[in-house]
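The values are calculated or read from the model by the stated rules, or taken from the named source; none is laboratory data. As the structure is a prediction and not an experimental result, all values here were calculated from the model. Neighbour counts are summed over all protein chains in view; Cβ atoms, including those assigned to glycine, are modelled from backbone coordinates with ideal geometry. SASA here: full protein model, heavy atoms, side chains in, ligands and nucleic acids out. Shrake-Rupley method; radii C 1.70, N 1.55, O 1.52, S 1.80 Å.
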Amino acid sequence: MSAAKKRAIDILADNFDLNHRRKFELIIDEVHLMDLYFKPITRADRLEVQGQAGTDEAMKVSTYMLIRKAENEDGSKAFALGDLANLRRLPEKILNQLELFLFGLDESGNPTVEYGDAKND
């Protein structure tokens, strides 16, 4: 008897590692300040963040997403929702660097990650 044909959702779920993290090194004036780690953004993340932000306005959503996804090396959350006001007071250049990396984009808005979260068995 032949094996049952896999459903599309099963193939996708089996081939993407949602625990894979990318490392962002924050360097300012040639001084390494910290590393932050980011797992892939999912639709569930986007929907939850839009609900928290109460809008789909990109600047607000991106800051909420940064809070949700940024991790320390040990996997603990780098930011809490209570950090929102302080994050908004940081220089725009710093937040842009972090958020562009988080969303896998370069400074021109072009993708920098090509399905790099796929499992490599």
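How about the stretch 1-80: which GluC sites (Glu not before Pro) there are in a DSSP loop, with at most 12 other Cβ atoms within 10 Å of their Cβ?
Values: sites: Glu25, Glu30, Glu48, Glu57, Glu71, Glu73; in loops: Glu30, Glu57, Glu73.
Here the sparse-neighbourhood loop sites are Glu30, Glu57, Glu73.
Pairs to check: Lys5/Lys39; Lys23/Lys69; Lys39/Lys77; Lys23/Lys60. Give those whose C-alpha atoms are more than 19 Å from each other in this structure.
Lys5/Lys39; Lys23/Lys60
Which value, in Å to one decimal place, does the Kirkwood hydrodynamic radius take for the chain when every pair of different Cα atoms is included?
16.1 Å
Accessible area per residue of the chain at 1.4 Å probe, in Å²?
For the chain, the solvent-accessible area averages 71 Å² per residue.
What list of ³J(HN,Hα) couplings, whole Hz, do you get for the stretch 21-30 from phi and the Karplus terms 6.51, -1.76, 1.60, once you set θ to phi - 60° and write x for glycine and proline?
10, 9, 9, 10, 9, 8, 10, 10, 6, 6
So how far apart, in nm, are the two label points at Ala8 and Glu73 if each is 7 Å from Cα heading toward Cβ?
Going from the Ala8 label point to the Glu73 one covers 4.2 nm.
Just tell me the longest site-free run in the chain, where the sites are trypsin sites (Lys or Arg not before Pro) in a DSSP loop having at most 14 other beta-carbon atoms within 10 Å.
Answer - 8-88.
Run the accessible area of the stretch 3-108 with a 1.4 Å probe and give the carbon-and-sulfur part as a rounded percent.
For the stretch 3-108, the apolar C and S fraction of the accessible surface comes to 53 percent.
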